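The values are calculated or read from the model by the stated rules, or taken from the named source; none is laboratory data. Since the structure is predicted, the reported quantities are computational estimates derived from the model, not experimental observations. FYI the Cβ positions are ideal-geometry reconstructions off the backbone, even for glycines, and counts take in every protein chain you see.
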Amino acid sequence: MPAHGTIVWTELETWDVEAAKAFYAATLGWRFEPMPMGEGEPYWIIFSGTERVGGLFRLTSPMFDGMPAHWFTYIEVDDVDARLAKVAEAGGEVVRPASDIPGVGRFGIVKDASGAVAGWMTSCAEA
């Protein structure tokens, strides 16, 4: 498992998936493989050569109205539930409570005391 406090994943959240894929394929040589997500659009896994380097998904209305396309970072934590319990006392806010991603881990979204937002993840042992 990744070490506590390390960056473990980054994803591009965008309104225009095809434009983003074309841009990064042309400029960085990345390729993208779809990962089915039920009945909705796929989540795209980003590869640099044979290495998985991140993910890509489409922002949709109304959930993300007004949000610009952006890169989002996930940080590994030893126990996401215990760490989220400390956020408010440290001056932050839990934006999304902990939930599970089957086969990946458990995560929550946090706004720190300065207003910056990141995901905190406790990875599955098999992930």
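Here ASP100 fits the description: under 21 Å from GLY119 (Cα atoms), free of Cβ contacts under 8 Å to residues at least 12 places away in the same chain and either among the charged types (D, E, K, R) or assigned to a loop (DSSP other than H, G, I, E, B) (or both).
Residue check: PRO97 meets all listed conditions (1) farther than 18 Å from GLY55 by Cα; (2) within 12 Å of the chain's Cα centre (by Cα) but one, namely (2). Just one of the listed residues (TYR24, TYR74) is touching a strand residue (DSSP E or B) at 6+ places or on another chain (Cβ under 6 Å) and surrounded by 13 or more Cβ atoms within 10 Å (Cβ to Cβ), namely TYR74. Of note, MET67 satisfies the criterion of being in a loop (DSSP other than H, G, I, E, B) and in contact (Cβ under 8 Å) with a residue 12 or more places away in the chain. The number of residues in region 36-61 that are assigned to a loop (DSSP other than H, G, I, E, B) and either at pLDDT 90 or above or outside the structural domain of LYS21 (by TED's automatic domain parsing) (or both) comes to 5.
Put simply, of GLU89, GLU93 the only residue that is modelled with pLDDT of 95 or more, surrounded by 13 or more Cβ atoms within 10 Å (Cβ to Cβ) and charged (D, E, K, R) is GLU93. In region 1-21, the qualifying residues are those that are part of a helix (DSSP H, G or I) and in contact with a strand residue (DSSP E or B) (Cβ under 7 Å, 6 or more places away or on another chain), and the one that is nearest to ASP65 (Cα to Cα) is VAL17. For region 113-122, indicate whether the set of residues that are without any contact (Cβ under 8 Å) to a residue 40 or more places away in the chain, within 20 Å of PHE23 (Cα to Cα) and either in contact with a Leu (Cβ under 8 Å, 6 or more places away or on another chain) or not assigned by TED's automatic domain parsing to the domain that holds ASP16 (or both) is non-empty. Looking through region 113-122, none of the residues is without any contact (Cβ under 8 Å) to a residue 40 or more places away in the chain, within 20 Å of PHE23 (Cα to Cα) and either in contact with a Leu (Cβ under 8 Å, 6 or more places away or on another chain) or not assigned by TED's automatic domain parsing to the domain that holds ASP16 (or both).
In the set (1) aromatic (Phe, Trp, Tyr); (2) within 24 Å of MET1 (Cβ to Cβ); (3) over 15 Å from the mean Cα position of the chain (by Cα), PHE107 fails one condition alone, (3). Considering each residue of region 84-96 in turn, at least one proves to be closer than 18 Å to GLU11 by Cβ, touching a strand residue (DSSP E or B) at 6+ places or on another chain (Cβ under 6 Å) and assigned to a strand (DSSP E or B). If you go through region 34-68 one residue at a time, how many are of a type outside the set (Phe, Trp, Tyr) and surrounded by 10 or more Cβ atoms within 10 Å (Cβ to Cβ)? So the answer is 18. Of the residues in region 50-65, at least one is under 21 Å from ALA116 (Cβ atoms), of a type in the set (A, V, I, L, M, F, W, C) and out of contact with any Phe, Trp or Tyr (no Cβ under 7 Å at 6 or more places or on another chain).
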